[in-house]
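The values are calculated or read from the model by the stated rules, or taken from the named source; none is laboratory data. Just so it is clear, the model here is predicted, and its values are computed rather than measured. In this analysis, Cβ positions are derived from the backbone assuming ideal geometry, glycine residues included, and neighbour counts consider all displayed protein chains. These accessible areas exclude ligands, DNA and RNA; they are computed on the full protein's heavy atoms, side chains included. Shrake-Rupley method; radii C 1.70, N 1.55, O 1.52, S 1.80 Å.
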Amino acid sequence: MDVHKLESILNPQRIALVGVTINPRSVGGKVLSNLVGGGFRGVVYPVNPDSEAVLGIQCYKDVKSLPRTPDLAVICTSADKVPGLITQCGEAGIMGIIIMSAGFREIGQEGIVLEEQIIAEQKKFPGMRILGPNCLGIIIPSRNLNISFAAGMPKVGEVAFVSQSGALCSSVLDWALGEKVGFSYFVSIGNSLDVDFADLIDYFGEDEKSKSIILYIESIKNARNFMTAARAFARTKPMVVYKAGRFPESAEAAASHTGAMASADDVYDAAFRRIGMSRVLEIGDIFDCAELIGRKKIPQGPRLGIVTNAGGPGVMATDALIAANGVLAELSEESMEQLNLSLPPFWSHGNPVDVLGDARSKRVLKATEIVAKDKNVDAVMVILTPQAMTNPGTTAKAIGQLAEKTSKPILAVWMGGGQMREGIQILNDAGVATYMTPEQGVKAFMTLVEYSRNLEVLYETPKEMPVEFSLERHELRQQLEPLFQGDDPVLSEEHSKKIIAAYGIPTTTPVPAATPDEAVKQARATGFPVVLKIASPHITHKSDVGGIALDLQDEQEVRNAFDRVTASARKHLPQARIDGVSVQPMIKVKDSLELILGAKYDPLFGTVLMVGAGGVTAELFEDRALGFPPLNERLVRRMLESLKVWPLLRGYRGKPALNVDYLVEIIIRLSYLVADFPEIKELDINPLLVGPEKIISFDARMVAEKTSRATKNRPYAHLAFRPYPEEYVQDVKLEDGTPVTLRPIKPEDEPLWMDMLAKCSRESIYARFRYHFSWESHETATHYCYIDYDREVAMVAERIHEGKGEFIGVGRLIADPDGEVVEYAILVVDDWQNRGVGNALTDCCLEIARKWGMKRIVAVTTADNARILTMFQKRDFKLEYGSDSMVEITREL
């Protein structure tokens, strides 16, 4: 499959080099030298109207003069000529473009105008893809193809490296040549005018040669596409990312706690965790991770075994491991017995395994073999220091040979200088990750462990939460929409609380009072004790201006408090409009904890939710976690478990546990609210008082923004993830009258999905999956129940049997990344076959495919699957029988 039409760029057979000169030191000259001298077996056409030949190769005056149409044009001219060359390439039928030229948006407005001109010309030629501008180019070691102006060709490997920085590409390339680390692809995307990270993740996700992906990111253009692409492949291909620009000098002024606390980098961090990426925070960590990830073996857990010939470095490694939340592996009794027989009596008798300073290579090898075989060990770090009896080269050979035999990663730390260089070179040649210090090795190891942990938590089956609404949510939308239509973007506390209460979030009810007499009247109606809060659209943090009075017991206290809070507010903010106060009951919850819930609209990633330690110290302690709606039970618990106050929620030092289940439900309800209202720019619920039983919000604040983010074609454009598509749910009756609900599958359905497959025969499963499918594991189920609804949906047919839901069939649609072709597959439980289940699911999925705007639907089944083939024939599908007893089924939409 030509994913995103990138084959012309990433797998070219004929290349036109436009702008090459006779100067070998120019960009074009270096690119031509790399193409010709690197062993590329394709065809290269230099294009230069002023030269007859370059490096003895005939030049052509323009792309129209080429003898055959190239797949790819590489442009190295001045920036002002590029838009015209895009036109010439398109007219010549060249659909792949790499623009190495600089002088675009990086120089300011003049360059931005040139980029807009390039985009305008590109649109005239559907299917044209452009990499760059201002990029280093690409290197494909497996094809000896160096389309860049960087020197050197790295080894063939299984890591795809993508960077926005050409300078970093050069540094990584130079390092890789010395360390003998290989790559499948090496790509510099520059300004990413067209081809971006999402496109390349999709491409390398489908590429069999690329087993993992490393990204250097300065900015992301389309967050939703990026996250969708990454989610599609994170389970099968480890992704490590370095994000530059963590600390911007200034941030946009925020009108809420959440807006101030959820920084841009925090949002990036949450995004990477949500899609299963592992992030490194120092540029050097990219090299260290590439060292390990490029060796093809990924640790399956955090348990590290350490073998060392010196106690000190073993302690250093242990400290670094524990500080990074790793686990020092506990060696089994069997391993301890073998080590006692193999090592001198004075060895450390535990992990780290100190084989002592006089250890020769055989002793180090034997200890490493024993530790690597231990079932409690996920990876082994071997630390060698130069001592009198040490032979670094011989030991390196032995460890290198062992690394080829074991399935577990082995990390080598050869500490020292000149004496250790020969051993390091031997380890590099053997494909063993090598480091100068234990801390470097531990950081690389834990980065990949974090990747595994992210996926484990991300795909843990959530519990079904009883989140119900008294009204349909579209009716709620109609009822509450007028509250967002006022001229003031800051909603009153009364309106803010009315909105959250409509979504089932418990809150006190404020009553406005413009005068002391009104405050007293409302206090009598509410019942003492009461709370007074300043009412002003210009005051965000009421306590900062003395705008709150608590636990008022009688009328006189209310009058005094009214005068006090309004005077204090005017003193602190003379320009603020004071509308009086709000009166609400004083509620005390024993053994409670103050939290803050919030949301903000991020211009890149859309609406983000936050939960953290609340009250007046919310920003001081910065104990917070971010998440992306829609949220399920497992994702919310993960956010809560990451907080420093999590032990207080669970019960601490004799205090009762708080009502975490109810808190989870409330946060899920909040995620529904912000999904339904893209107008919400900022939202605070602070404090949210969480007790052992009761939970209640004491304050709420919203900032609204009139927006066109939600459109008819993309109603959830303000979210990074497509919510559960409730619009696809429908009730139907089968041919025998059995009532069935057709609805999209969700993560909580994993038990029902497994139960359905258990009722299917081997023949039915083979016809659906085309092999004898082993489905009895959570890991397998995650592939089928955890759906990214932007490009996939599985419609289940569910009937209610003895009061419980039961799946009797499922039809699955998976769209290609380009959104043109959708694959369809169907499975019906044996007892329900030939009863109309397949017809209902297929008609439903055909309609969804049309709504998606797909051009073609395809399916594959076995030639003996007569019922399914008849069903497709009745719906005007084209059947093509293959020699392997399989039938390809297609229909144009």
Next on the checklist: I need two numbers for segment 502-555: Rg to one decimal and Dmax as a whole number, Cα atoms only, in Å.
Outcome noted: 12.2, 34
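Give the Kirkwood hydrodynamic radius (Å, one decimal) of segment 278-422, defined as one over the mean of 1/r across all pairs of different Cα atoms.
Values: mean 1/r = 0.0645 Å⁻¹.
Taking the inverse mean of 1/r over all distinct Cα pairs, segment 278-422 comes out at 15.5 Å.
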Checklist outcome for this item: ARG653 and GLU472 label points (each 7 Å along its Cα→Cβ direction) are spaced in nm at 5.3
Checklist entry - How far is helix 109-122 tilted off the main Cα axis of the chain, in degrees rounded to 10, range 0 to 90? => result 70
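Per residue, what volume in Å³ does the convex hull of the Cα atoms of segment 548-627 enclose? All intermediate terms of the calculation are to be shown ahead of the outcome.
Numbers: hull volume 12.4 nm³, N = 80.
Value for segment 548-627: 155 Å³ per residue.
Antiparallel as a % of all DSSP beta bridges within the chain, to the nearest 5? Kindly include the intermediate steps, with their values, before the conclusion.
Numbers: 83 of 140 bridges.
DSSP beta bridges in the chain are roughly 60 percent antiparallel.
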Checklist entry - Which value, in Å² and to the nearest 10, is the accessible area of LEU458 when all protein chains are kept and the probe is 1.4 Å? => result 20
Checklist entry - Within the accessible area of segment 468-581, what % is carbon and sulfur when the probe is 1.4 Å and the other protein chains stay in place? => result 49
Item to check | Selection from GLN425, MET336, TYR601, by position along the positive dipole direction of the chain (Cβ) | outcome: GLN425
Checklist entry - Probe 1.4 Å, all protein chains in place: accessible area of TRP414 in Å², nearest 10? => result 0
Checklist entry - Which Rg and Dmax, in Å, describe the Cα atoms of segment 99-211? => result 14.9, 45
Checklist outcome for this item: The farthest towards the positive end of the charge dipole of the chain, of the residues LEU752, SER452, ILE94, given +1 on Cβ of Lys and Arg and -1 on Cβ of Asp and Glu, is ILE94
Next on the checklist: Between helix 264-274 and the chain, what is the angle of the helix's C-alpha long axis to the longest principal axis, kept within 0 to 90° and rounded to the nearest 10?
Outcome noted: 70
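Keeping all protein chains in place, calculate the accessible area per residue for the chain (probe 1.4 angstrom), answer in Å². Walk me through the intermediate numbers first.
On the way: 38210 Å² over 893 residues.
For the chain, the solvent-accessible area averages 43 Å² per residue.
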Checklist entry - Under a point-charge model restricted to the Cβ atoms of Lys and Arg (+1) and Asp and Glu (-1), what is the dipole moment magnitude of segment 48-185 relative to its Cα centre, in debye to the nearest 20? => result 400
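Please tell me the relative contact order of segment 297-445 in percent, rounded to the nearest whole number, where contacts are Cα pairs under 8 Å and at least six residues apart.
Numbers: 302 pairs, mean separation 41.0, N = 149.
Across segment 297-445, relative contact order equals 28 percent.
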Checklist entry - Under a straight-distance cross-link criterion of Cα-Cα below 26 Å, which lysines are reachable from LYS123, leaving out those fewer than 8 residues away in the same chain? => result LYS5, LYS61, LYS64, LYS81, LYS221, LYS712, LYS851, LYS855
Checklist entry - Can you pull the accessible area of VAL280 for me, 1.4 Å probe, Å² to the nearest 10? => result 0
Checklist entry - Taking amide hydrogens as modeled 1.01 Å from N in the peptide plane, which residues meet the under 5 Å criterion relative to VAL44, leaving out close sequence neighbours? => result ILE15
Checklist outcome for this item: For segment 66-121, one quarter of the surface area of the C-alpha convex hull, expressed in nm², comes to 3.6
Next on the checklist: Is there a quick way to get the dipole size of segment 821-893? I mean about its Cα centre, with the Cβ of Lys and Arg at +1 and of Asp and Glu at -1; what is the value in debye to the nearest 20?
Outcome noted: 380
Checklist outcome for this item: A student applying the Cα gyration tensor rule (rounded when a/c is under 1.5; otherwise prolate if a/b is larger than b/c, oblate if not) would label segment 159-211 oblate
Item to check | Relative contact order (%) - criterion: Cα under 8 Å, at least six apart; region: segment 605-650 | outcome: 37
Checklist entry - So how tilted is helix 438-458 from the main axis of the chain? Cα-based, degrees 0 to 90, rounded to 10. => result 60
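Counting pairs of alpha carbon atoms under 8 Å apart in space and at least six apart in sequence, what relative contact order in percent does the chain give? Mind dumping the intermediate values first?
Values: 1848 pairs, mean separation 64.9, N = 893.
Computed over the chain, the figure is 7 percent.
Using +1 on the beta carbon of Lys and Arg, -1 on that of Asp and Glu, and nothing else charged, what's the dipole of the chain about the Cα centre, debye to 20?
Details: 99 positive and 117 negative charges, 255 e Å.
With Lys and Arg at +1 and Asp and Glu at -1, about 1220 debye.
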Checklist outcome for this item: Expressed as a percent, the portion of alpha-carbon pairs in the chain spaced more than 39 Å apart is 54
Checklist outcome for this item: Once the mean of 1/r over all distinct C-alpha pairs in segment 478-633 is inverted, the Kirkwood radius in Å reads 17.2
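If you add up the charges near VAL511, with Lys and Arg at +1 and Asp and Glu at -1, over every other residue whose beta carbon is less than 15 angstrom from its beta carbon, what do you get? Don't skip to the end; give the middle numbers.
Working: positive: LYS497, LYS498, LYS521, ARG524, LYS533; negative: GLU493, GLU494, ASP517, GLU518, ASP579, ASP699.
Every neighbour counted, the sum reads -1.
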Item to check | Nearby lysines by direct alpha-carbon distance to LYS180 (threshold 21 angstrom, same-chain neighbours under 8 apart not counted) | outcome: LYS155, LYS209, LYS211, LYS296, LYS297, LYS397, LYS405, LYS408, LYS443
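Starting from 0.36 nm per residue, how many nanometres of slack lie between ASN839 and ARG564 once their C-alpha separation is accounted for? Spell out each step's value before the answer.
Details: separation 275, 0.36 × 275 = 99.00 nm, distance 7.15 nm.
My answer for the length gained is 91.9 nm.
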Next on the checklist: Taking the Cα centroid of segment 1-73 and of segment 674-689, what is the distance between the two, rounded to the nearest whole Å?
Outcome noted: 55
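How much length, in nm to one decimal, is gained on full extension between LYS851 and LEU281, taken as 0.36 nm per residue of separation minus their Cα-Cα distance?
Details: separation 570, 0.36 × 570 = 205.20 nm, distance 4.19 nm.
Gain on stretching LYS851 to LEU281: 201.0 nm.
By how many nm would the segment from THR870 to LYS733 grow when fully extended, if each residue of separation counts as 0.36 nm and the alpha-carbon distance is taken off? The partial results should precede the final answer.
Numbers: separation 137, 0.36 × 137 = 49.32 nm, distance 2.10 nm.
Residue separation times 0.36 nm, minus the Cα-Cα distance, leaves 47.2 nm.
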Checklist entry - When only the heavy atoms of the protein chains count and the probe is 1.4 Å, how do TYR60, TYR451 rank by accessible area, highest first? => result TYR60, TYR451
Checklist entry - Using Cα-only point scatterers and the Debye equation, what is log10 of I(q)/I(0) for segment 429-548 at each q in 0.19, 0.22 Å⁻¹, rounded to two decimals? => result -1.15, -1.29
